[in-house]
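These notes are about the structure you will find just below.
The values are calculated or read from the model by the stated rules, or taken from the named source; none is laboratory data. Small disclaimer: the values here were computed from a predicted structure and weren't measured. When we count neighbours, we look across all protein chains shown, and the Cβ atoms used for this are built from the backbone with ideal geometry, even at glycine. Ligands, DNA and RNA are stripped out before the accessible areas are found, and what is left, the full protein with its side chains, is counted by its heavy atoms. Shrake-Rupley method; radii C 1.70, N 1.55, O 1.52, S 1.80 Å.
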Amino acid sequence: MDNVINKRKLILHALLRVLEAEFFGLFVVLFFWALTVALGVVANILFGIVGIVMLACIMADYGLKKGEECKNKVTLHGAEPCRNFGFTMGLVAMCPSYILLGLLSLSKAGVFGNFLTPYKLLNSCFFPFIDLAAPTTSFSDVSPALYIMMAVLPVFYLLSLGISFRLGYDAVDLKEKLIYKNSK
C-alpha cells in the first residue's frame, strides 16, 4: 500500500494538530491573564500574535513533513500526485472554528445557554483577540467585530497548512532561501 496516500489519515492527524494548537493556546491564555492587568490592550495584541504564530508553527511543521512524505510516495511508489492537498487539510482544520462560531451564534439567539466562555476557551489560540471584542462573558458586551474577526482568523489554518504542505511537496529548502539568500 505504499503507492496510495492515506488522505483520511492525513486529515485526522491535521485535526489532532488543531487540538494540539488549542492545548498550547491554553498556556498563552494563562500568560495573557497574568499580564493583562499590567499591559492592558497591548497584552491582547501581543498574546494574540503569539497565539497565531504558535498555531502557524504547529500547523506548518505538520504540513512540511507530510508534504515531503507525500512527494516521496509519488516519486518512489507511483502514488497519485497531490500537490495541493495541504489546502484541503487546511479547509478541514478550519471547520471546528466555524462550528464553534455557529454554536456561539445559536447561543446568542437563545437556542441554548450562554456559550461565550466555553467559546473563548475552545478557541484559545485566538483568545486575546476574542477578548478585545468580547471582554466579559455577557452577550450584551459582544461587539459585532467578534463575528467578523472569527470568520477571518481561522484562515491561518488554511494558509499555514496549505503553503507548508506545498513547500514540503516541492522540496523547498527554507533554510537556504532565508539564510543564504544574499550570499551568492
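Residues in the range 1-13 that are part of a helix (DSSP H, G or I) and open to solvent by 80 Å² or more (accessible area, probe 1.4 Å): 8, 9, 12.
Looking only at the range 14-25, how many residues end up being open to solvent by less than 70 Å² (accessible area, probe 1.4 Å) and either in contact with a His (Cβ under 7 Å, 6 or more places away or on another chain) or of a type outside the set (Val, Ile, Thr) (or both)? Qualifying residue count for the region: 7.
The C-beta contact set for the range 91-115 (first residue within 27 Å of residue 13 (Cβ to Cβ), second residue open to solvent by less than 40 Å² (accessible area, probe 1.4 Å) and acidic (Asp, Glu), distance under 9 angstrom, 6+ apart or interchain) comprises 96/22.
Mind checking which residues of the range 29-46 are touching a helix residue (DSSP H, G or I) at 6+ places or on another chain (Cβ under 6 Å) and either open to solvent by 80 Å² or more (accessible area, probe 1.4 Å) or more than 17 Å from residue 133 (Cβ to Cβ) (or both)? So that I can check it myself, show each step before the final result.
Of the residues in the range 29-46, the ones touching a helix residue (DSSP H, G or I) at 6+ places or on another chain (Cβ under 6 Å) are 29, 32, 35-36, 43-44.
Scanning the range 29-46 gives a single hit, 35.
In the range 77-88, which residue that is in a helix (DSSP H, G or I), at pLDDT 85 or above and out of contact with any Gly (no Cβ under 7 Å at 6 or more places or on another chain) is least open to solvent (accessible area, probe 1.4 Å)? Going through the qualifying residues, I end up with 85. The set of residues in the range 119-154 that are under 19 Å from residue 31 (Cα atoms) and of a type outside the set (A, V, I, L, M, F, W, C) comprises 119, 120, 123, 124, 128, 131, 135, 136.
Being among the hydrophobic types (A, V, I, L, M, F, W, C) and open to solvent by 40 Å² or more (accessible area, probe 1.4 Å) is the filter here; which residues of the range 112-129 pass it? Please lay out each step first, then the result.
Of the range 112-129, the ones among the hydrophobic types (A, V, I, L, M, F, W, C) are 112, 115-116, 121-122, 125-127, 129.
112, 121, 122 - these are the residues of the range 112-129 that are among the hydrophobic types (A, V, I, L, M, F, W, C) and open to solvent by 40 Å² or more (accessible area, probe 1.4 Å).
What residue, among those in the range 130-144 that are free of Cβ contacts under 8 Å to residues at least 40 places away in the same chain and either open to solvent by less than 50 Å² (accessible area, probe 1.4 Å) or touching a strand residue (DSSP E or B) at 6+ places or on another chain (Cβ under 7 Å) (or both), is farthest from residue 98 (Cα to Cα)? Break it down stepwise before answering.
First pass over the range 130-144, keeping only residues free of Cβ contacts under 8 Å to residues at least 40 places away in the same chain: 130, 133-144.
Adding the requirement that they be either open to solvent by less than 50 Å² (accessible area, probe 1.4 Å) or touching a strand residue (DSSP E or B) at 6+ places or on another chain (Cβ under 7 Å) (or both) leaves 130, 133-134, 138-139, 142-143.
Numbers: 130: 14, 133: 17, 134: 17, 138: 21, 139: 18, 142: 18, 143: 18 Å.
In this case the residue turns out to be 138.
If the condition is being open to solvent by less than 20 Å² (accessible area, probe 1.4 Å) and either in contact with a strand residue (DSSP E or B) (Cβ under 9 Å, 6 or more places away or on another chain) or of a type in the set (Phe, Trp, Tyr) (or both), then the range 47-76 contributes only 62. All of (1) open to solvent by 40 Å² or more (accessible area, probe 1.4 Å); (2) farther than 27 Å from residue 74 by Cα hold for residue 176 with one exception: (2).
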